[in-house]
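I have placed the structure first, in the form of structure tokens, so that the comments after it can refer back to it.
Here, each number is a calculation from the coordinates, and none is a lab measurement. Keep in mind that what you see is a predicted model, and the values were worked out from it rather than measured. All Cβ positions, even for glycine, are placed from backbone atoms using ideal geometry, and neighbour counts span all protein chains on display.
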Amino acid sequence: MSEGKKNIIASLLQEYDIKTAEDIQDALKDLLGGTIQSMLEAEMDQHLGYEPYERTDNGNYRNGTKPKKIRSTYGETQINVPQDRESSFEPQIVMKRQKDISSIEQKIIAMYAKGMSTRQISEQIEDIYGFEVSEGMVSDITNKLLPEIEEWQHRPLSSIYPIVFIDAVHFSVRENNVIKKLAAYIILGINEDGQKDVLSINIGQNESSKYWLSVLNELKNRGVKDILVLCADGLSGIKESISVAFPDTEYQRCIVHQVRNTLKYVADKDKKEFATDLKTIYHAPNEELGHERMERISEKWHERYPNAMKSWSTNWDVISPIFKFSADVRKVIYTTNAIESLNSTYRRLNRQRSVFPNDTALLKALYLATFEATKKWTQILRNWGKVYGELSIMYEGRLP
């Protein structure tokens, strides 16, 4: 702490006879009002071009003050806004008709939503506004979100979701001074109206049938009675858990992930050709032809990449449901544009912060990033009417 700060604190203690935390709040509230008052007076001097009692030819002059109550994080404070004869003074520190000056909290939360650390936010506030905000204060402000996050995580859901996606994004989190990789599992639903909705964010537990059953049961407890198609990667235990929690739900292995996982085995020079071959499988008009193409491609690439196609034959039972649908429905299922765009938002958090201090900090950042991303979700999915009609016939009696 600088000598200047120590002197300020000593003066505060003497001036306000501070003995309790409440006394500190009262002192800061009083100082805030006095500081703003001084800044308003300085703004008026700048506006008029001369200081009080200074001789001038300016026809405009000070014309008393007008009382005004403002709200801040310290409560209500009264200030006296200087007036001028021509009523041309436009204060900037507290603008006309502005009564709430606590927006600094919203700015801090917005920075947190973009993935900035508490230290980065503290430095940014000091750079922009010229005063210090401690990392602890930033953390305290964002902690106010925790009840809101809990309420959001337990909010009631629709009774039916025609399509649900589950995907994982990995983050580095510090735990007991050890950095661990934790997965954030994002559950995204498409409701009956064709609108996207993030249903839940779950962090950090090991994948297992027991874990996924608890996640799916939580959706049921929040009001979900039926899911027609659930699309996910090969998460451990997910298939068994779906059959227990939602026995009528069709489990579809995510084609995008299936392709990505296959291409991991392939050299860069062959990836384009291999990806084009794979496309012929999931674009096949029916399952029989799709299976034939899968076997042909396996044979073609086996010598160079013997392990690349193994997961296609092993998981064919959960890859093949897609063949019963038309191109319109397939597009909704296998492109996963909705969750991919959401994941790109989450990956920006990774670029901003290499390590999160704990899983609570990660949850706050994910919640805020989700809120920012989903504000733009105002339109229904393209061709949703046709998709809904086909699903109504395919799963007769399950959609209104």
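Which of the listed residues, N358, Y334, N176, is farthest toward the dipole's positive end in the chain, when Lys, Arg count +1 and Asp, Glu count -1 at the beta-carbon? Checking the options against the dipole of the chain, the answer is Y334. On the basis of the beta-carbon distance and an R0 of 35 Å, D268 and K107 show a calculated FRET efficiency of 0.20. Pairs of Cα atoms nearer than 8 Å and 6+ residues apart set the relative contact order; for the chain it is 15 percent. Stretching D23 away from S208 to a fully extended chain increases their span by 61.3 nm, per 0.36 nm per residue minus the current alpha-carbon distance.
For the chain, the dipole from Cβ point charges (+1 on Lys and Arg, -1 on Asp and Glu) about the Cα centre works out to 1100 debye, to the nearest 20.
On the principal axes of its alpha carbon atoms, the range 158-394 extends 49, 43, 34 Å, with the longest extent given first. Where only DSSP H runs of four or more residues are counted, the chain gives -15500 deg cm²/dmol as its mean residue ellipticity at 222 nm, each run worth -39500 (n - 2.57).
Positive-end ranking of I203, I160, S298 along the dipole of the chain, with charges on Cβ about the Cα centre, is headed by S298.
Mean-square fluctuations from a GNM of the chain, with a 10 angstrom spring cutoff on Cα atoms, peak among E218, E123, E150 at E150.
Projecting the Cα atoms of M309, Q46, G136 onto the charge dipole of the chain (Cβ charges, centred on the Cα centre) puts M309 farthest toward the positive pole.
The angle between the Cα long axis of helix 118-129 and the longest principal axis of the Cα atoms of the chain comes to about 40 degrees, rounded to the nearest 10.
Rg and Dmax of the chain, both derived from C-alpha coordinates alone, stand at 29.7, 96 Å. Taking the Cα centre of the range 264-400 as origin and assigning +1 to Lys and Arg Cβ atoms and -1 to Asp and Glu Cβ atoms, the resulting dipole is close to 780 debye.
3J(HN,Hα) couplings calculated from phi for the range 363-377 with the Karplus curve 6.51 cos²θ - 1.76 cosθ + 1.60 (θ = phi - 60°) are, in sequence order, 4, 4, 5, 5, 4, 5, 5, 5, 4, 5, 5, 7, 4, 8, 7 Hz; Gly and Pro show x. Across the range 161-176, rounded Karplus estimates of 3J(HN,Hα) from the backbone phi angles (6.51 cos²θ - 1.76 cosθ + 1.60, θ = phi - 60°) give 10, x, 9, 10, 10, 10, 9, 10, 10, 9, 9, 8, 10, 7, 9, 6 Hz, Gly and Pro being marked x.
What is the gain in length, in nm to one decimal, between D45 and N60 on full extension, counting 0.36 nm per residue of separation less the C-alpha to C-alpha distance? Taking D45 through N60 to full extension adds about 4.2 nm, to one decimal.
Compared with the dominant principal axis of the Cα atoms in the chain, helix 287-301 is inclined by about 90°. Rounded to the nearest 0.05, the FRET efficiency derived from the C-beta distance between R382 and T280 at R0 = 25 Å is 0.55. Give the separation of the Cα centroids, the range 162-208 to the range 275-325, in Å. Measuring centre to centre over Cα atoms gives 28 Å.
With both labels modelled 7 Å from their Cα along Cα-to-Cβ, the E303 to E151 distance reads 6.6 nm. Residues whose amide H falls under 5 Å from that of N63, counting only those 5 or more places apart or on a different chain, are Q83, D84, R85, with hydrogens built in the peptide plane. What residue among Y251, Y53, Y334 shows peak mean-square fluctuation when the chain is described by a Gaussian network model with Cα springs under 10 Å? Residue with maximal mean-square fluctuation among Y251, Y53, Y334: Y53. In sequence order, the range 39-56 has phi-based couplings of 5, 5, 4, 5, 5, 5, 4, 5, 5, 7, x, 8, 8, x, 6, 7, 6, 7 Hz under the Karplus curve 6.51 cos²θ - 1.76 cosθ + 1.60, θ = phi - 60°, and Gly or Pro positions carry x.
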